[in-house]
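Right, one structure below, let's go through it.
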Amino acid sequence: QVQLVESGGGLVQAGGSLRLSCAASGNILRINAMGWSRQAPGKQRELVAAITRRGGTNYGDSVKGRFIISRDNAKNTVYLQMNSLKPEDTAVYYCHADSVVTTDQDVMDYWGKGTLVTVSS
């Protein structure tokens, strides 16, 4: 079993910063890409940022220049540094790990349960 647990969400004023963390645990051999998606009320889930095992990154247009994704492969952990936050960044943020190889030689994608980020104006 593989589990992803997010932390770091909360309430922040517009212009402020938050750092999200997501730790993956279980019978993991290797995690390929990791990333963050978000879902605001009444909207579809959207990709925020993703990072490959080698550190290649991809960002959603709405967060480019403000958010930074990073990871620690030794800790199976991905981070999201969110700066210059805006009220429209308010959403539940979900961590995901893509193509996770386990000791059972299974390859699957996994999602966390989400952490709420609220940005007040």
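Give the number of residues within the range 70-121 that are under 15 Å from Ser7 (Cβ atoms), part of a loop (DSSP other than H, G, I, E, B) and in contact with a Ser or Thr (Cβ under 8 Å, 6 or more places away or on another chain). Adding up the residues that qualify gives 1. Could you please let me know if Asp98 is out of contact with any strand residue (DSSP E or B) (no Cβ under 6 Å at 6 or more places or on another chain) and open to solvent by 30 Å² or more (accessible area, probe 1.4 Å)? When the stated conditions are applied, Asp98 does not pass them.
Scanning the range 1-18 for residues that are farther than 19 Å from Ala74 by Cα, part of a strand (DSSP E or B) and within 14 Å of the chain's Cα centre (by Cα) yields one hit, Leu18.
Arg38 meets all of the listed conditions (1) at pLDDT 95 or above; (2) part of a loop (DSSP other than H, G, I, E, B); (3) open to solvent by 10 Å² or more (accessible area, probe 1.4 Å) but one, namely (2).
Every test in (1) loosely packed, with under 14 Cβ neighbours inside 10 Å; (2) of a type in the set (A, V, I, L, M, F, W, C); (3) under 19 Å from Thr115 (Cα atoms) is passed by Ile69 save one, and that test is (1). Is it the case that some residue within the range 83-90 is at pLDDT 95 or above, surrounded by 14 or more Cβ atoms within 10 Å (Cβ to Cβ) and within 19 Å of Ala24 (Cα to Cα)? No; the residues of the range 83-90 include none that is at pLDDT 95 or above, surrounded by 14 or more Cβ atoms within 10 Å (Cβ to Cβ) and within 19 Å of Ala24 (Cα to Cα).
Checked against (1) among the polar types (S, T, N, Q); (2) over 13 Å from Tyr93 (Cα atoms); (3) buried (at least 19 other Cβ atoms within 10 Å of the Cβ), Gln13 passes all but condition (3).
Which residues, counting only those in the range 16-35, are touching a Lys or Arg at 6+ places or on another chain (Cβ under 8 Å) and either open to solvent by 50 Å² or more (accessible area, probe 1.4 Å) or β-branched (Val, Ile, Thr) (or both)?
Scanning the range 16-35 gives Arg30, Ile31, Asn32.
In this entry, Arg54 is excluded by the filter for residues that are surrounded by 14 or more Cβ atoms within 10 Å (Cβ to Cβ) and of a type in the set (Lys, Arg).
Entry remark, the range 101-121: residues being open to solvent by 30 Å² or more (accessible area, probe 1.4 Å) and either touching a His at 6+ places or on another chain (Cβ under 9 Å) or on the phi < 0 side of the Ramachandran plot (or both) number 13 in total. Determine, yes or no, whether Arg54 is part of a strand (DSSP E or B) and either polar (S, T, N, Q) or farther than 18 Å from Gly114 by Cβ (or both). No: the conditions fail for Arg54.
The values are calculated or read from the model by the stated rules, or taken from the named source; none is laboratory data. Only a predicted model underlies this, so the values are computations on that prediction, with no experimental measurement involved. FYI the Cβ positions are ideal-geometry reconstructions off the backbone, even for glycines, and counts take in every protein chain you see. Protein only, heavy atoms only, side chains kept; ligands, DNA and RNA dropped before computing areas. Shrake-Rupley method; radii C 1.70, N 1.55, O 1.52, S 1.80 Å.
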